[in-house]
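Student: Before we start, here is the structure in question, set down as structure tokens.
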Ligand SMILES: [Ca+2]
Ligand SMILES: [Ca+2]
Ligand SMILES: [Ca+2]
């Protein structure tokens, strides 16, 4: 009877070791049994994984030309996912979301400027806002823009 109990504990111990083992090496220093070596089975080769946590999968990062291991590929202070959501270029540090809070329209890159006559799609131009940030007219393409001009002599 006593021999059977010991044999049962031995089998249970081997079962736990097998479940938690996860590999021969502790790759990320998570301690015994390989805990933390991989998050939810994600690996860098997994196209649907997001190892840098920017909200973009490895496949999306490949398509955009961004770094799948870098939260902010162009170093402009905005992470790649925020840039895609904000319709800016995550590979261009000059292109970033408008800090004044106004969303940049997805249509900004599709505008065909015609000129300055009545009914024309205006050429794009840049002005500085109250925060000292450059603002492009075409960035507001999804919105009604009310322009006020004045001249003084
Ligand atoms: Ca990512
Ligand atoms: Ca960025
Ligand atoms: Ca950018």
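No value in this document is a laboratory result; all are computed from the given coordinates. The model shown is predicted, which means the values in this text are computed figures rather than measured ones. Every residue, glycine among them, receives a Cβ derived from its backbone with ideal geometry; neighbour counts consider all protein chains shown.
Student: Sort 147, 64, 56 so the one with the fewest other Cβ atoms within 10 Å of its own Cβ comes first. Write down the numbers at each step before the final one.
Tutor: Values: 147 6, 64 17, 56 24.
Starting with the residue having the fewest Cβ neighbours, the order is 147, 64, 56.
Student: State the three equivalent ellipsoid semi-axes of segment 76-128, derived from the C-alpha gyration tensor as the square roots of 5 times its eigenvalues, in descending order and whole Å.
Tutor: 25, 11, 10
Student: Still on this model: Please report 91, 66 as a ranked list, fewest other C-beta atoms within 10 angstrom at the top and most at the bottom. Let's see the in-between values first.
Tutor: Values: 91 14, 66 25.
Fewest to most other Cβ atoms nearby, the residues stand as 91, 66.
Student: Report the semi-axes of the equivalent ellipsoid for segment 103-153 in whole Å, largest first, where each axis is √(5λ) for an eigenvalue λ of the Cα gyration tensor.
Tutor: One finds semi-axes of 19, 17, 9 Å for segment 103-153.
Student: Fewest Cβ neighbours within 10 Å first, please rank 59, 72 accordingly.
Tutor: The fewest-first ordering by Cβ neighbours comes to 59, 72.
Student: State, as an integer percentage, the relative contact order of segment 62-153 based on alpha-carbon contacts under 8 Å between residues 6 or more apart.
Tutor: On the way: 112 pairs, mean separation 16.6, N = 92.
Over segment 62-153, the number comes to 18 percent.
Student: I need the peptides 79-87, 111-119, 46-54 ranked by packing, meaning the mean over residues of other C-beta atoms within 10 angstrom, with the highest value on top.
Tutor: In decreasing order of mean packing, 79-87, 111-119, 46-54 become 79-87, 46-54, 111-119.
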